[in-house]
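Here is the structure we will look at.
The values are calculated or read from the model by the stated rules, or taken from the named source; none is laboratory data. The shown structure was predicted, so the numbers you read here are calculated from the model rather than taken from an experiment. Here Cβ is always computed from backbone atoms with ideal geometry, including for glycine, and neighbour counts include all displayed protein chains. The area values use the complete protein model at the heavy-atom level, side chains included, leaving out ligands, DNA and RNA. Shrake-Rupley method; radii C 1.70, N 1.55, O 1.52, S 1.80 Å.
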Amino acid sequence: MENIIDQTILNRYRVEGRIGLGGMSEVYRAFDQQRQITVALKFLREDFAEDPEFERRFRKEASALQRLTHPGIVRYYELERDGAQLFMVMDFIDGIALRRHLFLNGPILAPGEALGILTPIAGALNYAHAQGVIHRDIKPGNI
């Protein structure tokens, strides 16, 4: 994806920095000038943007996320398009991924810390499953 940092998308989202790269998407931190809040923009990667199957999967992910309202699941706002760029707008969650935490602090968690992490994850997954949504990509990088 071309460098979009410091650009404003749709005259609304001022892109501040890249958060991460996934299998079919790139995620950026941005400031929503309309809502006056920091958000995350999850873009379908450019190399998949012209593939109807990847767009279908991305839209399916957005639709599933839109149905979920739970404190342990990132809040979805909308799906937007700017030219060839298709992206989701979601809450920005400040912090580090569990993967980074394990890298910095070692791969073994104290029992209390593990429960403090796993209990809300289990609650969020239980809620999602009750809504008919199966995550399919639970890993430390997504927590």
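Given the conditions (1) within 18 Å of the chain's Cα centre (by Cα); (2) in a loop (DSSP other than H, G, I, E, B), and given that Phe58 satisfies all but one, which numbered condition is not satisfied?
Every condition holds for Phe58 apart from (2).
Consider segment 96-114. How many of its residues are in a loop (DSSP other than H, G, I, E, B) and crowded, with 16+ Cβ neighbours inside 10 Å?
Here is the first cut: in segment 96-114, the residues in a loop (DSSP other than H, G, I, E, B) are 96-97, 106-110.
Next, only the ones that are crowded, with 16+ Cβ neighbours inside 10 Å stay: 97, 109.
Count: 2.
Answer yes or no as to whether Tyr28 is on the phi < 0 side of the Ramachandran plot and open to solvent by less than 50 Å² (accessible area, probe 1.4 Å). First the steps, then the outcome.
Numbers: on the phi < 0 side of the Ramachandran plot: yes; open to solvent by less than 50 Å² (accessible area, probe 1.4 Å): yes.
Spelling it out, Tyr28 is indeed on the phi < 0 side of the Ramachandran plot and open to solvent by less than 50 Å² (accessible area, probe 1.4 Å).
Which one of these does Gly123 not meet: (1) open to solvent by less than 100 Å² (accessible area, probe 1.4 Å); (2) part of a helix (DSSP H, G or I); (3) more than 29 Å from Ile37 (Cα to Cα)?
Among (1) open to solvent by less than 100 Å² (accessible area, probe 1.4 Å); (2) part of a helix (DSSP H, G or I); (3) more than 29 Å from Ile37 (Cα to Cα), the lone unmet condition for Gly123 is (3).
Checking the condition open to solvent by 100 Å² or more (accessible area, probe 1.4 Å), β-branched (Val, Ile, Thr) and closer than 20 Å to Ala122 by Cα, which residue from Ile73, Ile93 passes? Break it down into steps so the answer makes sense when it comes.
Values: Ile73 fails: open to solvent by 100 Å² or more (accessible area, probe 1.4 Å).
Testing whether each residue is open to solvent by 100 Å² or more (accessible area, probe 1.4 Å), β-branched (Val, Ile, Thr) and closer than 20 Å to Ala122 by Cα leaves just Ile93.
Looking at the structure I just gave you, is Arg136 charged (D, E, K, R), in a loop (DSSP other than H, G, I, E, B) and within 21 Å of Phe54 (Cα to Cα)? Even if it seems obvious, please write down each step before you answer.
Numbers: charged (D, E, K, R): yes; in a loop (DSSP other than H, G, I, E, B): yes; within 21 Å of Phe54 (Cα to Cα): yes.
Yes; evaluated as a whole, the condition is true for this residue.
Filter segment 60-70 for residues that are touching a residue at least 24 places away in the same chain (Cβ under 8 Å) and open to solvent by 40 Å² or more (accessible area, probe 1.4 Å); which is nearest to Tyr127 (Cα to Cα)?
Restricting attention to segment 60-70, the residues satisfying the condition of being touching a residue at least 24 places away in the same chain (Cβ under 8 Å) are 61-62, 64-65, 67-68, 70.
Applying the additional criterion that residues be open to solvent by 40 Å² or more (accessible area, probe 1.4 Å) yields 61, 67, 70.
Values: Glu61: 16, Arg67: 11, His70: 8 Å.
Within segment 60-70, the match that is nearest to Tyr127 (Cα to Cα) is His70.
Within segment 16-40, can you find the residues that are more than 22 Å from Glu61 (Cα to Cα) and β-branched (Val, Ile, Thr)?
Ile37
Where residues in segment 79-90 are of a type outside the set (A, V, I, L, M) and on the phi < 0 side of the Ramachandran plot, which of them is most open to solvent (accessible area, probe 1.4 Å)? Walk me through how you get there before you give the answer.
From segment 79-90, those of a type outside the set (A, V, I, L, M) are 80-83, 85, 87; that's our starting set.
Narrowing further to those that are on the phi < 0 side of the Ramachandran plot: 80-82, 85, 87.
On the way: Glu80: 44, Arg81: 95, Asp82: 54, Gln85: 31, Phe87: 0 Å².
The selected residue is Arg81.
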